[in-house]
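None of the figures in this text is laboratory data; all of them are computed from the coordinates on show. Bear in mind the structure is a predicted one, so any value in this text is a computation, not a measurement. Here the Cβ is made from the backbone with ideal geometry for all residues, glycine too, and neighbour counts use every protein chain on show.
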Amino acid sequence: MTDRTAIARFSSEDVEAHLAGLTEILHASVMAGASINFILPYAPSDAARFWIDKVRPALDGGKLVMLVSWVEGRIAGTVQLDCDMPPNQPHRAEIRKLMVHPAFRNRGIARALMMEIERVAADQGRSLITLDTRTGDKAEPLYASLGYVTFGIVPGYARDVSEDRFDDCSFMYKRLGPQPGASV
Ligand SMILES: CC(C)(COP(=O)(O)OP(=O)(O)OC[C@H]1O[C@@H](n2cnc3c(N)ncnc32)[C@H](O)[C@@H]1OP(=O)(O)O)[C@@H](O)C(=O)NCCC(=O)NCCS
């Protein structure tokens, strides 16, 4: 990474102000085959709608944290932390929508985003992080190297972005602190 790389926390106003860059990274990721809930055909307008209709209100509601990695004035990566958990899981949060623009991959941006979102989670008192990722994707060993443990694989969980095929999904967790209620 260069010293012109920075990670920023985005508000809903930031989403609106930087909609073009966010649309570009989501659209490019899906077009490059990312398994992040969407399937083809996928237009830039679909990506823009995701940020405006889903992410902006969640940020306004204060239950979602979104980080963006800037490289030389461009949005190179992003990740979200969903803190909207049921009342019996105040210690848990879920990682969502980790993506790095195809033009910026393999330079440690995802790893840096994950380390920063974990710091945010810990600051918010979240000691248990969960996530899911397509089994066999590049993200899986990245998460494992960050200490995430696979607790289950669901066969045929999600459709491939372009092919008529349903892929397995790995569910993972990481503890950032002691297990609540566990004796030490
Ligand atoms: C998965 C994804 C987020 C990884 O982003 P990334 O920024 O390329 O990842 P990083 O560079 O932080 O780390 C990935 C690998 O590159 C390596 N790397 C880091 N810096 C590097 C460098 N300067 N040169 C070469 N490799 C490097 C890392 O060691 C890591 O290696 P690993 O495969 O052994 O884990 C990206 O491929 C992506 O957006 N995929 C599509 C969306 C997706 O699948 N998201 C996950 C949803 S759960």
Quiz item: What is the Cα convex hull volume of the chain when expressed per residue in Å³?
Solution: 125
Quiz prompt | In segment 22-110, the trypsin sites (Lys or Arg not before Pro) that fall in loop regions by DSSP, at most 16 other Cβ within 10 Å | solution = Lys63, Arg105, Arg107
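Between Arg107 and Asp164, what is the FRET efficiency for a Förster distance of 30 Å, r being their Cβ-Cβ separation, to the nearest 0.05?
Approximately 0.35, to the nearest 0.05.
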Self-check item: Least to most buried among Glu72, Glu118 (fewest other Cβ within 10 Å first)
Solution: Glu72, Glu118
Quiz item: By its C-alpha gyration tensor, with a ≥ b ≥ c as the square roots of the eigenvalues, how is segment 76-157 shaped: rounded for a/c under 1.5, else prolate for a/b larger than b/c, else oblate?
Solution: oblate
Practice problem: May I ask for the Kirkwood hydrodynamic radius of segment 60-116, worked out over all distinct Cα pairs and given in angstroms to one decimal? | Solution: 12.3
Quiz prompt | Spin-label model distance (nm) - Ala182 vs Asn37, 7 Å beyond Cα toward Cβ | solution = 3.0
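Using 1/(1 + (r/R0)^6) with R0 = 22 angstrom and r between the beta carbons of Val154 and Lys54, what's the FRET efficiency to the nearest 0.05? Could you put the intermediate results ahead of the total?
On the way: r = 23 Å, r/R0 = 1.04.
Result of the calculation: an efficiency of 0.45.
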Practice problem: Excluding residues on the same chain fewer than 8 positions from Lys63, give the lysines whose Cα lies under 27 Å from its Cα. | Solution: Lys54, Lys97, Lys174
Self-check item: Helical contribution to [θ] at 222 nm, DSSP H n ≥ 4, -39,500 (n - 2.57), averaged over the chain, rounded to 500
Solution: -8000 deg cm²/dmol
Practice problem: With a ≥ b ≥ c taken as the square roots of the eigenvalues of the C-alpha gyration tensor of segment 27-74, please select rounded if a/c is under 1.5 and otherwise prolate if a/b is larger than b/c or oblate if it is not? | Solution: oblate
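Taking the Cα centre as origin and putting +1 on Lys and Arg beta-carbons and -1 on Asp and Glu beta-carbons, what dipole magnitude results for segment 5-175, to the nearest 20 debye? Please list the in-between numbers first.
Values: 20 positive and 22 negative charges, 86 e Å.
I would put it at about 420 debye.
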Quiz prompt | Dimensions (Å) - segment 1-83, Cα atoms, principal axes, largest first | solution = 36, 31, 21
